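Reading through the structure tokens given below for one structure.
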Amino acid sequence: MYQSEIDSIENFINSYELLWNYEILNSYPQVYEGNIEDWAKEIDSYDIEKKVNILNFKEKNISNSLQSFISEIIDLQYIKENYQLFSGKINTVKVKEKKRHEISMLLPHLPKSSLYLDFAGGCGHLSSEVSKNNKKVLCLDYDEKLIKKAKDLYKIDAKEFEIKENMNFPTPFNTCLIALHNCGELTDHVINFFLKKSENQALVNFGCCFHKSNLTYSKRLPLSNFAKTLAMRSSHTTTDLTQKRIQVKKFRYTFELLLKEYFNSDSTSVLLSSNPSTYQKDFEFYAKNQLTRMNLKANNHLNDFFQRKDIQYQVNRMTSLGFVRSLFSRLLEKNIILHRAKKLAKKSKVEIFQAFDFKKSPRNICVRAIKN
């Protein structure tokens, strides 16, 4: 079960591996085969609104070649929607709208159980709602301060607990495990715990932060950390957000070319934690800030470098290639989830569906497993 879907996705993405499994910046000056370079040039020629529509898979007025490519991605990344809104009132304290939406849409998908374990439950927002109607729930989190807050704020059962490989925890028969946006391998540890203990009868899981996992998921096409990071970027975008991302990419790519030309350096790992404020002025401000961090001496002609035609051409090309690359994000996310579902299907009945509004919560894919 699920292997045929995995095969369909991996057969499609196999020929594009150099694009999605590596960052554009790390592959420079890679020239891509097939239609990739042509699609990048085509996207570069469009205005920002059309680029946004392409990224949201809504644009139809594009070349036949690009449309065919995007249509196949749309078909392969499809996951059914199963939106069910909780009819009661959510009374959690100081919860952001995103979290409130997730809780209200998750509750209807919880099966009846004797105990609910809320893994990485934080300060207990979800647990407090599950505990209503006399449901027995235990909030588990590794952060002692969050556990104390859960107890003080909601008066619920909460326990300090580390999610790890081969973890153990005493559970009664008919226990339901909840893992709402457990980061990286934490989700995989919860899945293994679910499969290991017969008392665990149900699992409701939403994966998150795939890039924090050391697992590669696919033996045939092992996912690099770049690919897992790309899977995390699957989201609905807007004109404003896309413009900001373009600004970031253009500064990053230009700075990379600057390092190569003037400093004979390829090391940009220090830039991964750049403060967003450094992108809000001109390139010279950004570059001087980064050079200082790298203990390199800045000159006073950095904006001239940014405006050079040959540099702009290379930067625009890499930025547009990045647009093509980003079209794989949801597909890669689905592939990770399918591999997890395949593992769960060995001992349980598994459903995969979209439970949250994608615009409000991008990590909206639910994996619901019930033991056979």
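The values are calculated or read from the model by the stated rules, or taken from the named source; none is laboratory data. Computed from a prediction, not measured in an experiment: that's the story for all the values here. As a convention, Cβ positions derive from the backbone with ideal geometry for all residues, glycine included, and neighbour counts pool all protein chains shown.
A few notes on this one:
- Filter pass, residue 159 being out of contact with any Pro (no Cβ under 6 Å at 6 or more places or on another chain), at pLDDT 95 or above and buried (at least 19 other Cβ atoms within 10 Å of the Cβ): no
- Test: residue in the stretch 15-24 that is touching a Gly at 6+ places or on another chain (Cβ under 7 Å), surrounded by 18 or more Cβ atoms within 10 Å (Cβ to Cβ) and among the β-branched types (Val, Ile, Thr): yes
- Selection status of residue 51, surrounded by 14 or more Cβ atoms within 10 Å (Cβ to Cβ), among the basic types (Lys, Arg) and not in a loop (DSSP other than H, G, I, E, B): yes
- Test: residue 330 is closer than 30 Å to residue 77 by Cβ and of a type in the set (Lys, Arg): yes
- Unique residue being out of contact with any Cys (no Cβ under 9 Å at 6 or more places or on another chain), assigned to a helix (DSSP H, G or I) and touching a residue at least 12 places away in the same chain (Cβ under 8 Å) when the list is 90, 79, 62, 74: 74
- Among the residues of the stretch 247-266, those that are assigned to a helix (DSSP H, G or I) and out of contact with any Ser or Thr (no Cβ under 9 Å at 6 or more places or on another chain) comprise 247, 254, 257, 258, 260, 261, 262.
A quick yes/no check of all residues on (1) of a type in the set (Phe, Trp, Tyr); (2) under 22 Å from residue 144 (Cα atoms); (3) in contact (Cβ under 8 Å) with a residue 60 or more places away in the chain:
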position	(1), (2), (3)
175	no, no, yes
178	no, yes, yes
185	no, yes, no
205	no, no, yes
222	no, no, no
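- Number of residues in the stretch 198-220 that are more than 21 Å from residue 364 (Cα to Cα) and either among the acidic types (Asp, Glu) or not in a loop (DSSP other than H, G, I, E, B) (or both) equals 3.
- Contact annotation: residue pairs with Cβ atoms under 6 Å, 6 or more positions apart or on different chains, pairing a residue in the stretch 272-296 that is modelled with pLDDT of 85 or more with a partner that is among the small types (Gly, Ala, Ser), are 288/298; 291/298.
- Qualifying residue in the stretch 78-95 (condition: in the same structural domain as residue 359 (by TED's automatic domain parsing), closer than 20 Å to residue 365 by Cβ, among the aliphatic types (A, V, I, L, M) and surrounded by 13 or more Cβ atoms within 10 Å (Cβ to Cβ)): no
- When the criteria are applied in full, residue 260 fails the requirement of being surrounded by fewer than 17 Cβ atoms within 10 Å (Cβ to Cβ) and over 30 Å from residue 34 (Cα atoms).
- Screening 41, 60 for residues that are exposed (fewer than 14 other Cβ atoms within 10 Å of the Cβ), charged (D, E, K, R) and closer than 13 Å to residue 324 by Cα leaves exactly one candidate, 41.
- Which numbered condition residue 166 fails, given (1) within 18 Å of residue 204 (Cβ to Cβ); (2) surrounded by fewer than 19 Cβ atoms within 10 Å (Cβ to Cβ); (3) not charged (D, E, K, R): (1)
- Considering residues of the stretch 227-246 that are in a helix (DSSP H, G or I) and under 12 Å from residue 323 (Cβ atoms) only, the residue farthest from the chain's Cα centre (by Cα): 246
- Checking each residue in the stretch 153-174 for being assigned to a strand (DSSP E or B) and within 27 Å of residue 215 (Cα to Cα) picks out only 160.
- Candidates 308, 317, 340 - the one that is of a type in the set (D, E, K, R), buried (at least 17 other Cβ atoms within 10 Å of the Cβ) and outside the structural domain of residue 206 (by TED's automatic domain parsing): 317
- Residue match in the stretch 193-211 (condition: in contact with an Asp or Glu (Cβ under 8 Å, 6 or more places away or on another chain) and surrounded by fewer than 19 Cβ atoms within 10 Å (Cβ to Cβ)): no
- Residue in the stretch 10-18 that is out of contact with any helix residue (DSSP H, G or I) (no Cβ under 8 Å at 6 or more places or on another chain) and under 18 Å from residue 319 (Cβ atoms) present: no
- Across the stretch 106-152, the number of residues qualifying as in a strand (DSSP E or B) and touching a Gly at 6+ places or on another chain (Cβ under 8 Å) comes to 4.
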